[in-house]
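Shown next, in structure tokens, is the structure this report addresses.
The values are calculated or read from the model by the stated rules, or taken from the named source; none is laboratory data. Quick caveat: nothing in here was measured; it's all calculated off a predicted structure. Using ideal geometry, Cβ is built from the backbone for each residue, glycine included, and neighbour counts are taken over all protein chains shown.
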Amino acid sequence: MVKCSICGSTIQELFLEKIKGTVLHKPGSKKQYPICFECQKKWLTKEELLQQLR
Ligand SMILES: [Zn+2]
């Protein structure tokens, strides 16, 4: 089960390991941050999304 790194809601997983949303990488980090479709709509750029992460 994948949870959104920003709002914490569950992201629906689709077949072929694709999730409904996107995955962010922090610069210099290999950690993945799944982002749900709703948060993607709220913050349109990667920079804005990254600012929502801790
Ligand atoms: Zn979200």
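Summary of values
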quantity: Checklist (1) assigned to a loop (DSSP other than H, G, I, E, B); (2) at pLDDT 90 or above applied to LYS30, failing item; calculated: (2)
quantity: Conditions (1) exposed (fewer than 11 other Cβ atoms within 10 Å of the Cβ); (2) near the ligand (Cβ under 9 Å from one of its atoms); (3) modelled with pLDDT under 90; number of the one not met by GLU17; calculated: (2)
quantity: The lone exception for GLN52 - which of (1) exposed (fewer than 12 other Cβ atoms within 10 Å of the Cβ); (2) at pLDDT 90 or above; (3) in contact with a strand residue (DSSP E or B) (Cβ under 9 Å, 6 or more places away or on another chain) it fails; calculated: (1)
